[in-house]
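Participant: This is the structure I have questions about; it appears just below.
The values are calculated or read from the model by the stated rules, or taken from the named source; none is laboratory data. This one's a predicted model, so the numbers in the text were calculated from it and none came from an experiment. Note that we place each Cβ from the backbone using ideal geometry, even for glycine, and neighbour counts take in every protein chain shown.
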Amino acid sequence: MIYTYRCYDCEHEFDASQSIKDAPLKKCPKCKHLSIERVIYPPIIFSKREPTTIGQLADRNAKKLGKSEISERENKRKAENKPAMDQARVELNRKLASKTEAQKQRYIEDGRI
């Protein structure tokens with residue numbers, strides 16, 4: 001790991017590559033005083049950045065619109081198919097209602113009316 005150290009006497013700041021098991025350094029390489037300590041910095045966190053150009057913004061919006069357009073088409077297709085399925089059920093029930101018990105039984109077993 002790379003640790004950053006700062007001398008509080010001469011304000012010299014430097015980096016040192018050490019194992020995590022190594023003891024911290026104590027002596028400043030510049031002024032040779034025993035007045036250094038490790039500097040603790042907050043961790044670096046990478047996040048998805050916002051688009052900075054018109055092209056990046058257009059790409060992001062196109063991806064979002066593409067997903068919503070696909071879901072809109074699927075919902076529309078389902079809504080269009082529902083009345084057709086309902087109508088098919090009504091017609092089937094009407095046909096079955098006019099059949100005899102033997103014909104209904106044959107439909108259940110074979111799928112023929």
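Participant: All but one of (1) at pLDDT 80 or above; (2) in contact with an Asp or Glu (Cβ under 9 Å, 6 or more places away or on another chain) hold for PRO51; which doesn't?
Facilitator: (1)
Participant: Go through the range 77-113 residue by residue and tally those that are among the β-branched types (Val, Ile, Thr) and either assigned to a loop (DSSP other than H, G, I, E, B) or in contact with a Gly (Cβ under 9 Å, 6 or more places away or on another chain) (or both).
Facilitator: From the range 77-113, those among the β-branched types (Val, Ile, Thr) are 90, 100, 108, 113; that's our starting set.
Okay, now just the ones that are also either assigned to a loop (DSSP other than H, G, I, E, B) or in contact with a Gly (Cβ under 9 Å, 6 or more places away or on another chain) (or both), so 100, 113.
Adding up the residues that qualify gives 2.
Participant: Moving to a separate point now. Would you say PRO42 is within 36 Å of the chain's Cα centre (by Cα), part of a loop (DSSP other than H, G, I, E, B) and loosely packed, with under 11 Cβ neighbours inside 10 Å? Spell out how you get there, then give the answer.
Facilitator: On the way: within 36 Å of the chain's Cα centre (by Cα): yes; part of a loop (DSSP other than H, G, I, E, B): yes; loosely packed, with under 11 Cβ neighbours inside 10 Å: yes.
For PRO42, the condition - within 36 Å of the chain's Cα centre (by Cα), part of a loop (DSSP other than H, G, I, E, B) and loosely packed, with under 11 Cβ neighbours inside 10 Å - is met.
Participant: Right, next: Could you list all residues from the range 59-91 that are under 20 Å from the mean Cα position of the chain (by Cα) and among the aliphatic types (A, V, I, L, M)?
Facilitator: Looking only at the range 59-91, we keep the residues that are under 20 Å from the mean Cα position of the chain (by Cα), and these are 59-71.
Once the filter is applied, which keeps residues that are under 20 Å from the mean Cα position of the chain (by Cα) and among the aliphatic types (A, V, I, L, M), the range 59-91 yields ALA62, LEU65, ILE70.
Participant: Let me spell it out: the conditions are (1) in a loop (DSSP other than H, G, I, E, B); (2) more than 30 Å from GLU11 (Cβ to Cβ); (3) hydroxyl-bearing (Ser, Thr, Tyr), and SER71 meets all of them except one. Which number is the exception?
Facilitator: (1)
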